[in-house]
Amino acid sequence: MPGLRPLDAPLDLTLEAATDTASTGRRELFASKRVAPSILSSDFSRLGAQVEEVMAAGARIIHVDVMDGHFVPPITIGPLVAGSIADLVHDAGGAIDVHLMIENPDRHIEEFAKAGADNITFHAEATPHINRTLNAIRELGCLAGLAINPGTPVSAVSESVNDADVFLCMTVNPGWGGQSFIADSPDKVGRLSEMVGAGSIEVDGGIDTAGGVAAAGASLFVAGSAVFGADDPAAAYSAIAEAAGAA
Ligand code: DX5
Ligand code: ZN
């Protein structure tokens, strides 16, 4: 059960107003056209500095790839790392976009919410209880995202259109950065767009220019190696954002 306020408890208007403002701003940010650098390809020995570099170039959504060695083969990072950059991202007006490539996502969402996640996305393939997990994420005060693998049809999200804030269409098979964009992805994004509408589709994997998927209806473009694999991540961010017509 979410923490319900007893009816006779004093109403903390200040806190509620602040939370409303934060959640409106966050919703607008995730609905706008944006490139989201993925820290998976960053230099972890200087993670904070790398995040600051791309934010100085205009990035406002920082993508955090969480892999558990089960849903996908590699193990990457968890809430401790997300939490380590949360303050600097929030202080610069940005948001943390957590992408869970893990089994049993509901066991871990609270830790990520506490670590400062603004959006938490999990995979439709990872649980039989999609809408329960989406609702649980929203009850934790975060936006809720639902991801599908390249082999999963868009119909997998058809009964969750009103329960999710973000729909993530993988444009590579998840697990590693630096893979090639799957050429059929724009068609799939187009089919997803007909189902969920504009302003809620995120694409992830092999994005260096976003032309095809942007035209098909995606508005949030995750880029890992194209940003942090470049000699100058800030310049690479700016070039991709400009090509995508993003802020
Ligand atoms: C892949 C991850 C991606 C990854 C993208 O499974 O979900 O977010 O960081 O990296 P690039 O942009 O290099 O394909
Ligand atoms: Zn990702």
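Please treat every number below as a calculation from the coordinates, not as lab data. Just so it is clear, the model here is predicted, and its values are computed rather than measured. Backbone-built Cβ (ideal geometry, glycine too); neighbour counts: all protein chains shown.
Remark on Ala95: its backbone amide H falls under 5 Å from those of Ile61, Ile62, a criterion applied only to residues 5 or more positions apart or on other chains, H modelled at 1.01 Å from N.
3J(HN,Hα) couplings calculated from phi for the stretch 170-175 with the Karplus curve 6.51 cos²θ - 1.76 cosθ + 1.60 (θ = phi - 60°) are, in sequence order, 5, 10, 9, 6, x, x Hz; Gly and Pro show x.
Quick check on the stretch 116-166: take the gyration tensor over C-alpha atoms, sort the square-rooted eigenvalues as a ≥ b ≥ c, and tell me if it's rounded (a/c under 1.5), prolate or oblate. Note, shape of the stretch 116-166 comes out prolate. Less than 5 angstrom separates the built amide H of His123 from those of Ile102, Ala147, all sequence-distant by 5 or more or on a different chain. Charge dipole of the stretch 23-167 (Cα centre as origin; +1 on each Lys and Arg Cβ, -1 on each Asp and Glu Cβ, all else neutral): 240 debye, rounded to the nearest 20.
The amide H of Ile77, built 1.01 Å from its N in the peptide plane, has Met67 as neighbours under 5 Å, considering only residues 5 or more places off or on other chains.
Sequentially through the stretch 164-169, phi angles give Karplus couplings (6.51, -1.76, 1.60; θ = phi - 60°) of 10, 9, 10, 10, 9, 9 Hz, Gly and Pro residues having no value and appearing as x. 3J(HN,Hα) along the stretch 66-83: 10, 10, 10, x, 10, 5, 10, x, x, 10, 10, 10, x, x, 4, 6, 4, x Hz, from the Karplus curve 6.51 cos²θ - 1.76 cosθ + 1.60 with θ = phi - 60°, whole Hz, x for Gly and Pro.
Name the shape class, rounded, prolate or oblate, that the alpha-carbon gyration tensor gives for the stretch 24-82, where a ≥ b ≥ c are the square roots of its eigenvalues, rounded holds for a/c under 1.5, and otherwise prolate holds if a/b is larger than b/c and oblate otherwise. In terms of gyration-tensor shape, oblate. Comparing Thr152, Thr24, Thr133 in a Gaussian network model of the chain where C-alpha atoms under 10 Å apart are linked, the largest mean-square fluctuation is found at Thr24. Using only helices, what value at 222 nm comes out for the chain when you add -39,500 (n - 2.57) per DSSP H run of length 4 or more and divide by the total residues, to the nearest 500 deg cm²/dmol? Only helices count here, giving -11000 deg cm²/dmol.
Shape call for the stretch 173-247 from the C-alpha gyration tensor, a ≥ b ≥ c root eigenvalues: rounded (a/c under 1.5), prolate (a/b greater than b/c) or oblate? Oblate is the answer for the stretch 173-247, as a/c is 1.5 or above yet b/c matches or exceeds a/b. Normalising the average separation of contacting C-alpha pairs (under 8 angstrom, six or more residues apart) by the number of residues puts the relative contact order of the chain at 21 percent.
Annotation: average projected area of the chain is 12.8 square nanometres, based on the convex hull of Cα atoms across all directions.
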